[in-house]
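In what follows, a single structure is set out as structure tokens and then discussed.
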Ligand code: AMP
């Protein structure tokens with residue numbers, strides 16, 4: 001079984017982002033960039049399937065600038081076998097990413113494509129669903145457990161409002177990861193060194209026949225209003241008084 005894992009380079013989740021003064025987007029200059037956390041979970045899952053003998057090859061793919069090579073090297077250090085960078089400096093929208101992944105899937109013929117449920121920069125939560133539609137493959141989104149049966153199907157569990165949903169999907173399929181699927185490993189130093197020698201191919205959206213021209217117009221990005229500081233009350237009576245007379249919620 002061959003697995004394709006889509007990983008996005010995003011601003012590290014620990015970084016406090018700055019919005020450009022003109023509201024045109026987030027200023028990413030000199031910020032620490034990392035692998036999207038849900039994509040780390042996708043890489044971890046694929047590598048675990050390989051370690052369990054359920055998958056033969058794990059290919060990581062990223063669409064982004066040259067710097068995304070570092071993110072791909074992290075995936076290689078975690079255990080992916082090879083990587084593909086689809087290099088572009090454009091802001092690539094989920095539909096274009098899905099089309100690019102479809103083109104890569106046509107070349108690589110994977111049995112499953114694993115993605116994060118969402119990228120923490122644009123929070124679109126669209127790419128996996130669009131990819132499944134474009135490929136005409138079944139999809140399992142927000143998965144918290146997954147077990148391939150070795151006979152062409154994968155059983156997975158999704159966390160839905162009412163509880164847990166268990167599905168059986170035929171391969172090839174598209175899977176998107178939720179937080180509880182696994183806890184990604186840290187790459188060890190020897191594996192980071194080994195990853196430098198693993199193959200990393202570079203192509204472009206144009207070479208894959210995909211236009212990355214934007215279809216959406218971003219009107220404005222604003223920071224949420226700053227929260228007012230809270231107060232510590234001395235007694236329950238004071239709390240009730242404040243709720244009644246200041247907040248007027250009682
Ligand atoms: P989104 O639909 O943008 O929230 O992203 C959902 C998932 O699609 C991410 O967790 C990644 O697995 C994948 N993805 C989105 N953008 C890219 C990209 N530029 N390169 C590779 N994978 C991506």
When (1) part of a loop (DSSP other than H, G, I, E, B); (2) within 28 Å of residue 73 (Cβ to Cβ); (3) out of contact with any strand residue (DSSP E or B) (no Cβ under 7 Å at 6 or more places or on another chain) are applied to residue 120, the one that fails is (3)
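Mind checking which residues of the stretch 177-215 are part of a loop (DSSP other than H, G, I, E, B) and under 22 Å from residue 79 (Cα atoms)?
From the stretch 177-215, those part of a loop (DSSP other than H, G, I, E, B) are 178, 182-188, 196-199, 204-215; that's our starting set.
Result: 178, 182, 183, 184, 185, 186, 187, 188, 196, 197, 198, 199.
Can you tell which of 1, 35 is touching a residue at least 12 places away in the same chain (Cβ under 8 Å), within 16 Å of the ligand (Cβ to nearest atom) and touching a strand residue (DSSP E or B) at 6+ places or on another chain (Cβ under 8 Å)? Quick ask: steps written out before the conclusion?
Working: 1 fails: within 16 Å of the ligand (Cβ to nearest atom).
Among 1, 35, only 35 is touching a residue at least 12 places away in the same chain (Cβ under 8 Å), within 16 Å of the ligand (Cβ to nearest atom) and touching a strand residue (DSSP E or B) at 6+ places or on another chain (Cβ under 8 Å).
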Taking the stretch 89-120, which residues are more than 14 Å from the chain's Cα centre (by Cα) and free of Cβ contacts under 8 Å to residues at least 40 places away in the same chain?
89, 102, 106, 107
Among all residue pairs at least 6 apart or on different chains, which show Cβ distances below 6 Å where the first residue, located in the stretch 226-238, is surrounded by 10 or more Cβ atoms within 10 Å (Cβ to Cβ) and the second is part of a loop (DSSP other than H, G, I, E, B) and modelled with pLDDT of 90 or more?
none
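Out of the residues in the stretch 4-21 that are in a loop (DSSP other than H, G, I, E, B) and touching a strand residue (DSSP E or B) at 6+ places or on another chain (Cβ under 6 Å), state the one that is farthest from the ligand (Cβ to nearest atom). Let's see the steps before the verdict.
First, the residues of the stretch 4-21 that are in a loop (DSSP other than H, G, I, E, B): 7-8, 12-17, 20-21.
From the residues that got through so far, the ones that are touching a strand residue (DSSP E or B) at 6+ places or on another chain (Cβ under 6 Å) too are 7, 12, 17, 20.
Details: 7: 6, 12: 15, 17: 16, 20: 20 Å.
Residue satisfying both the conditions and the ranking: 20.
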Can residue 67 be described as surrounded by fewer than 17 Cβ atoms within 10 Å (Cβ to Cβ), without any contact (Cβ under 8 Å) to a residue 40 or more places away in the chain and over 16 Å from the mean Cα position of the chain (by Cα)?
no
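Just checking, which of 114, 134, 175, 171 is touching a strand residue (DSSP E or B) at 6+ places or on another chain (Cβ under 7 Å) and away from the ligand (no atom under 12 Å from the Cβ)?
Details: 114 fails: away from the ligand (no atom under 12 Å from the Cβ); 134 fails: touching a strand residue (DSSP E or B) at 6+ places or on another chain (Cβ under 7 Å); 175 fails: away from the ligand (no atom under 12 Å from the Cβ).
One residue alone meets the criteria, 171.
In the list 86, 58, which residue meets the criterion of being more than 14 Å from the chain's Cα centre (by Cα), without any contact (Cβ under 8 Å) to a residue 60 or more places away in the chain and not in a helix (DSSP H, G or I)?
Every option except 58 fails the conditions.
Would the stretch 194-209 turn up any residue that is modelled with pLDDT of 95 or more and at positive phi? Working first, answer last.
Pass one, the stretch 194-209, residues modelled with pLDDT of 95 or more: 194-209.
Narrowing the set further to residues that are at positive phi leaves 209.
Yes - at least one qualifying residue is present in the stretch 194-209.
The values are calculated or read from the model by the stated rules, or taken from the named source; none is laboratory data. Predicted model, so just to flag it, every value in this text is computed and none were measured. Virtual Cβ from ideal backbone geometry, glycine too; neighbours counted across all protein chains shown.
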